[in-house]
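What follows draws every value from the coordinates through simple rules; no lab data is involved. Everything quoted here is computed from the prediction, not taken from an experiment. Don't worry about glycine lacking a Cβ; one is built from the backbone with ideal geometry, like all the others, and counts go over all protein chains shown.
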Amino acid sequence: MKAARGAALSFSESALGKLIAKTAGITLACILALALILFGVFTVFFPSVMFRLTDLCGMDKICTQYAVSVYSRSNKIEDLANVVERGYASESWQIVSDYGTRLTARADFEEFCDLRDEAEEDGARIPGGYAQYIAGAVAVAHYRLGEEEEALSAAFEKNRRSFEENNAVVTLSMTVIAEGDIGFAAEIYEELCGLSGSVNFDVEADVRNYETLLHILEEFCADGAA
């Protein structure tokens, strides 16, 4: 009799354990399903929330995608600029290329850049200015995608009449040098040489910036060829 009771008790405990495990599994499945639903809802309807969340979590690539979603809803230039900045930081080169081209083509781009420069405190201002930063980002993105002609065009577009410090040509050149790409560095050097008749050499700082970069590229190409 005792053996029978023990067996019944053991069977009852086993059944109870299976029931608890099954209930826990169903509960977990429901929680996961709810989480997926909420994730989908926030992704579709509240991309700005997901942008902030992924930003806090350091999920740079995904954060860039949500920045795109935010801009697609607002069409605001500040959101478009954020896409380019995030894309550049996360090395999402196709996004930088596509959306950076949109940004620089906007009629209000120059005004936006001026406002950004004015709003930044002296210590936080981007060297060379915001317009050059964006142009450099776009040029580097084209280069990373193997679009060398487009890279040159983006870098030199605003630097054929003046040659300010830390401009887009400098950004592209430093990237190319870091990659050890002698061939493309030579192309940049050749393009620079072609500016000798167009850059305003009445501005001493422009002359210094121009000649410094020219010298750096010349030495890099010479060392590589040796």
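Each Cα pair under 8 Å and six or more residues apart adds its sequence gap; the mean of these over the residue count of the stretch 60-225 is a relative contact order of 16 percent.
Its Cα gyration tensor gives the stretch 143-216 an equivalent ellipsoid, and the semi-axes of that ellipsoid, as √(5λ) in whole Å with the largest first, are 21, 12, 10. Backbone geometry of the stretch 100-112 corresponds, through the Karplus equation with coefficients 6.51, -1.76 and 1.60 at θ = phi - 60°, to 3J(HN,Hα) couplings of x, 5, 4, 5, 5, 7, 5, 5, 9, 5, 4, 4, 4 Hz, x marking Gly and Pro. Put simply, the amide H of residue 181, placed in the peptide plane, has no neighbours under 5 Å, leaving out anything fewer than 5 places away on its chain.
3J(HN,Hα) along the stretch 56-72, derived from phi through the Karplus expression 6.51 cos²θ - 1.76 cosθ + 1.60 where θ = phi - 60°, amounts to 5, 7, x, 8, 4, 4, 5, 4, 4, 4, 5, 4, 4, 5, 4, 5, 4 Hz, with x in place of Gly and Pro. Amide H to amide H distances under 5 Å link residue 158 with no residue, where only residues 5 or more positions off or on other chains count and H is placed in the peptide plane.
So if the hydrodynamic radius of the stretch 45-184 is defined as the Kirkwood radius over C-alpha pairs, what does Stokes-Einstein give as its diffusion coefficient at 25 °C and 0.890 mPa s, in µm² per second? Intermediate results must be reported in sequence, preceding the final value.
Values: Rh = 15.5 Å.
So the translational diffusion coefficient is about 158 µm²/s.
Taking GluC sites (Glu not before Pro) across the stretch 74-174, the ones in a DSSP loop with at most 11 further Cβ atoms lying within 10 angstrom of their Cβ are 121. Shown in residue order for the stretch 130-137 are the 3J(HN,Hα) couplings computed by the Karplus curve 6.51 cos²θ - 1.76 cosθ + 1.60 at θ = phi - 60°: 5, 4, 5, 4, 5, 4, x, 4 Hz (x for Gly and Pro).
Please work out whether the stretch 102-154 counts as rounded, prolate or oblate from its C-alpha gyration tensor, where a ≥ b ≥ c are the square roots of the eigenvalues and a/c under 1.5 means rounded, while otherwise a/b larger than b/c means prolate and anything else oblate?
oblate
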